[in-house]
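J.: Take this structure, written in structure tokens, and hold onto it; I'll ask about it next.
The values are calculated or read from the model by the stated rules, or taken from the named source; none is laboratory data. Everything numeric here is computed off the predicted structure, so don't read it as measured data. Here the Cβ positions follow ideal geometry from the backbone for every residue, glycine too, while neighbour counts run over all protein chains shown.
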Amino acid sequence: MSIMQKETYKVLLADAQFLIRFALKELLKETNTFQVIGEAGNEAELNKIIAETPPDIIVIDYNQPGFFSIESIKNLKQHHPNIELLVISSDENKENIYEVIHAGVLRFLTKKCDAHEIKEAFRAISNGEKFFCTSIFNFIFEMSFSQNNYSSNPLPLSARELEIVKLIAQGLVAKEIGRKLNLSTHTVYTHRKNIMEKLKLRRSSELVLFAVNNGLLI
């Protein structure tokens, strides 16, 4: 279920590192849209805050043994499906990243991302869009290309189409994609139409996860 648009969103920061929580809180103070209503350093604190003041969005790093884990993500998806998740993690284990995305996480950043990407991820949440930073998106494609069941199949998308899929997954609209790739907005729409037809998809929001789950981008 996508988040309903509203004037302000309640945000819960779940990270064992105080400095990360502090930095995110300061960053969100620059917006009038996202209000931090709680901070959790472990799963027990997380569950307590959810019970007392349910947030709209949880920002979490699952890669913190003894504090948060992939099971934390799965529990949140199962028991609180209406809460949107934004993962910001330093994890570089590709299998873990794939498992988290497969669990239904639609927004995933690394802790190397800058303030602009973090703000863009929050914007994507408020618009009901997916958002993967460049590093995570590259992991997704690498995992897709490595699936043995599809290793002998030709790539159905051109290099240009793959570029456009990547930018769509990052939450860019046609005009922004056109500026980045020096293409007209009409040309971007034409590429998008061809991509959707090739992959038999109906919405841009389906592109990344549908490709990963079905091996259609290899």
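J.: Conditions first: (1) surrounded by 15 or more Cβ atoms within 10 Å (Cβ to Cβ); (2) more than 20 Å from ILE136 (Cβ to Cβ); (3) not aliphatic (A, V, I, L, M). ASN96 passes all but one, so which condition is the exception?
T.: That leaves (2) as the condition not met.
J.: Does GLU197 satisfy being surrounded by 15 or more Cβ atoms within 10 Å (Cβ to Cβ) and either in contact with a Pro (Cβ under 9 Å, 6 or more places away or on another chain) or at pLDDT 80 or above (or both)?
T.: So GLU197 fails the test.
J.: Here's something else I'd like to know. Consider the stretch 99-113. How many of its residues are more than 11 Å from PHE132 (Cβ to Cβ) and either more than 12 Å from the chain's Cα centre (by Cα) or assigned to a loop (DSSP other than H, G, I, E, B) (or both)?
T.: Total satisfying the criteria: 5.
J.: Here's something else I'd like to know. All but one of (1) assigned to a helix (DSSP H, G or I); (2) touching a residue at least 24 places away in the same chain (Cβ under 8 Å); (3) over 30 Å from LYS94 (Cα atoms) hold for ILE73, so report the exception by its number.
T.: Of everything listed in (1) assigned to a helix (DSSP H, G or I); (2) touching a residue at least 24 places away in the same chain (Cβ under 8 Å); (3) over 30 Å from LYS94 (Cα atoms), ILE73 misses just condition (3).
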